[in-house]
Amino acid sequence: MLPIQQFKNFIEKHRLFEPGHSVLAAVSSGRDSVLLAHLLQQSGINFGIAHCNFQLRPAEALAEQAFANNLANSFGVAFHTTNFDTQSYAKQNGISTQMAARQLRYTWFEHIRNNFGYNCIAVAHHQNDSVETILLNLTRGTGIAGMHGILPKNGLIVRPMLFLNRNEIDNLVANNNLAYMEDSSNASVKYARNKIRHQVIPHLKELNPKLEETFDSNIKRFRELELLLQNKLNEIMPKVLIPHGDDFYIPIAAIEQLEPQRLLLFGLLNPFGFSEQVIEDMLSALNKHAGRVFEAPAYILVLDRDKLVLSKRTTTPHPVVIKPDDNEVSYAGFKLTLLHDDSPLIVRDNPMALSVDADALIYPLTLRTWQQGDYFYPMGMKGKKKLSDFFVNEKIALNEKNQIPILVNGNNEVIWICGYRSDERYKVTAHTKKVIIFELYKLNL
């Protein structure tokens with residue numbers, strides 16, 4: 001007999017899905033997924049079967065595909081299948097074959113779930129899979145999240161067999177005469193998970209025959225610790241991650257009050273993609289190296305004088321060329337208009353507009369970001385100043401200065417730090433015969 005009541009109790013305890021919901025079962029034709037299909041069928045749950053042919057073991061793969069089809073037919077449930085060129089996908093994306101298979105199957109499972117109205121996707125992970133995952137994470141390096149093992153539910157992915165271990169599954173399959181197909185690659189130790197399964201866990205079980213039960217207890221403790229940490233992060237987040245426009249400011253004073261500092265800062269910044277090593281580097285640079293930039297795939301952290309600035313990565317805008325007959329140009333979320341006037345008008349009290357002596361201009365002009373070595377002669381001041389020093393004096397955040405448009409003459413002289421200060425050499429004087437008025441607008445994108 002199959003443990004139907006235990007199966008139902010586990011589903012209900014972890015709220016994997018509701019009565020009457022339709023489940024898409026991932027069935028490889030191996031013993032674990034075959035048992036999952038039988039448990040769903042005997043529990044009276046509405047389900048369909050999905051099977052992927054990764055074309056890695058041609059003869060075996062076709063046999064497994066046919067087996068899964070026959071199993072679905074015997075239950076009278078829907079059967080969904082597809083073939084993947086897994087090796088080509090792995091090569092094109094520069095990833096391992098295992099990772100390619102994972103990406104392909106879960107993307108396809110979600111496509112089938114959505115198109116055919118299934119409420120969730122059930123996979124046949126069990127307690128030993130969770131033990132293997134924790135050991136792999138420990139080997140590679142992990143935080144608390146890597147210690148909670150495989151969760152019973154992750155979004156629309158459910159794992160209703162996590163109440164069973166490997167031996168229990170083997171016994172159930174044998175005692176109930178359930179037919180299945182053995183994947184020959186499961187015996188290979190060239191994959192990291194298989195090395196853990198075949199070479200590490202047997203030795204650990206010599207020390208503790210009830211390894212799975214011990215890990216199951218540990219997993220519960222780690223999940224509770226993870227919840228405790230998350231509650232603490234939710235409490236301190238408003239004091240540490242302070243919204244500022246599209247960015248976040250992280251006061252250095254707030255970081256210095258964190259305890260334990262590295263753990264909490266990693267917990268706050270890991271959702272943005274920052275690794276533990278980056279956090280270590282950042283903590284060692286606080287109060288020492290203003291201007292340092294710390295990078296994640298989609299975000300950057302810039303160390304300013306009294307804070308860190310967290311911003312989304314942006315590509316450097318391409319310079320925009322301005323020709324003599326242009327009346328308007330667009331640049332990186334801005335619009336710059338040009339008004340040609342024969343009278344020497346001077347725009348006052350509008351930092352986003354500037355009157356320039358037209359005879360001083362050399363076309364084409366350029367609108368671009370600042371560059372190292374840029375300098376100008378600030379309006380109303382004697383002598384020249386580096387733009388980098390100007391930004392420091394004006395207390396412009398390091399990330400913000402890279403978004404400020406700089407209007408540059410054809411001879412590469414800076415005419416205007418748009419919105420901030422113009423150059424003395426281009427001001428309108430009593431000798432000016434013709435004026436061009438530049439006006440900058442921030443576009444609402």
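Of the helices (runs of 4 or more DSSP H) that lie entirely inside the stretch 166-261, those containing 3 or more residues that are within 26 Å of residue 54 (Cβ to Cβ) and assigned by TED's automatic domain parsing to the domain that holds residue 97 span 166-175, 192-195. Exactly one residue out of 366, 315 is surrounded by 12 or more Cβ atoms within 10 Å (Cβ to Cβ) and either at pLDDT below 90 or on the phi < 0 side of the Ramachandran plot (or both), and it is 366.
The set of residues in the stretch 17-42 being of a type outside the set (S, T, N, Q), in contact with a strand residue (DSSP E or B) (Cβ under 8 Å, 6 or more places away or on another chain) and more than 21 Å from residue 102 (Cβ to Cβ) consists of 17, 20, 21, 40. Does residue 419 meet the test of being touching a residue at least 40 places away in the same chain (Cβ under 8 Å), more than 27 Å from residue 313 (Cβ to Cβ) and assigned to a loop (DSSP other than H, G, I, E, B)? No: the conditions fail for residue 419. Condition check: of a type outside the set (Ser, Thr, Tyr), in contact with a helix residue (DSSP H, G or I) (Cβ under 6 Å, 6 or more places away or on another chain) and not in a helix (DSSP H, G or I). Does residue 356 satisfy that? Yes, satisfied. Residue selection: residue 357 satisfies the criterion of being at pLDDT 90 or above, among the charged types (D, E, K, R), surrounded by 15 or more Cβ atoms within 10 Å (Cβ to Cβ) and more than 24 Å from residue 314 (Cβ to Cβ). The residues listed here are 193, 140, 159; of these, the one that is buried (at least 16 other Cβ atoms within 10 Å of the Cβ) and either at pLDDT 90 or above or more than 30 Å from residue 42 (Cα to Cα) (or both) is 159.
I'd like the residue in the stretch 276-312 that is of a type in the set (Val, Ile, Thr), in contact with a strand residue (DSSP E or B) (Cβ under 8 Å, 6 or more places away or on another chain) and under 27 Å from residue 146 (Cα atoms) and, out of all such residues, is surrounded by the most Cβ atoms within 10 Å (Cβ to Cβ). Steps first, answer last, please.
Let us first name the residues in the stretch 276-312 that are of a type in the set (Val, Ile, Thr), namely 278-279, 293, 300, 302, 309.
Narrowing further to those that are in contact with a strand residue (DSSP E or B) (Cβ under 8 Å, 6 or more places away or on another chain): 278, 293, 300, 302, 309.
Filter once more, keeping what is under 27 Å from residue 146 (Cα atoms): 278, 300.
Numbers: 278: 17, 300: 19.
Result: 300.
Is it true that some residue in the stretch 383-395 is surrounded by fewer than 19 Cβ atoms within 10 Å (Cβ to Cβ), in a loop (DSSP other than H, G, I, E, B) and among the β-branched types (Val, Ile, Thr)? If you could, list the steps in order and put the result at the bottom.
To start, the set of residues in the stretch 383-395 that are surrounded by fewer than 19 Cβ atoms within 10 Å (Cβ to Cβ) comprises 383-386, 388-389, 392-395.
Add one more test, that the residue is in a loop (DSSP other than H, G, I, E, B), and what stays is 383-384, 394-395.
Imposing the further condition that a residue be among the β-branched types (Val, Ile, Thr) reduces the set to none.
Checked against the condition, which is being surrounded by fewer than 19 Cβ atoms within 10 Å (Cβ to Cβ), in a loop (DSSP other than H, G, I, E, B) and among the β-branched types (Val, Ile, Thr), the stretch 383-395 yields no hits at all.
As for the stretch 53-60, it holds at least one residue that is surrounded by fewer than 22 Cβ atoms within 10 Å (Cβ to Cβ), among the acidic types (Asp, Glu) and assigned by TED's automatic domain parsing to the domain that holds residue 156.
For the stretch 334-354, the set of residues classified as modelled with pLDDT under 85 and of a type in the set (Gly, Ala, Ser) consists of 343 only. For the stretch 289-351, the strands (runs of 3 or more DSSP E) that sit wholly inside it and include 2 or more residues that are β-branched (Val, Ile, Thr) are 299-303, 320-322.
The values are calculated or read from the model by the stated rules, or taken from the named source; none is laboratory data. This structure is a prediction, so every number in the text was calculated from the model and none was measured. Here Cβ is always computed from backbone atoms with ideal geometry, including for glycine, and neighbour counts include all displayed protein chains.
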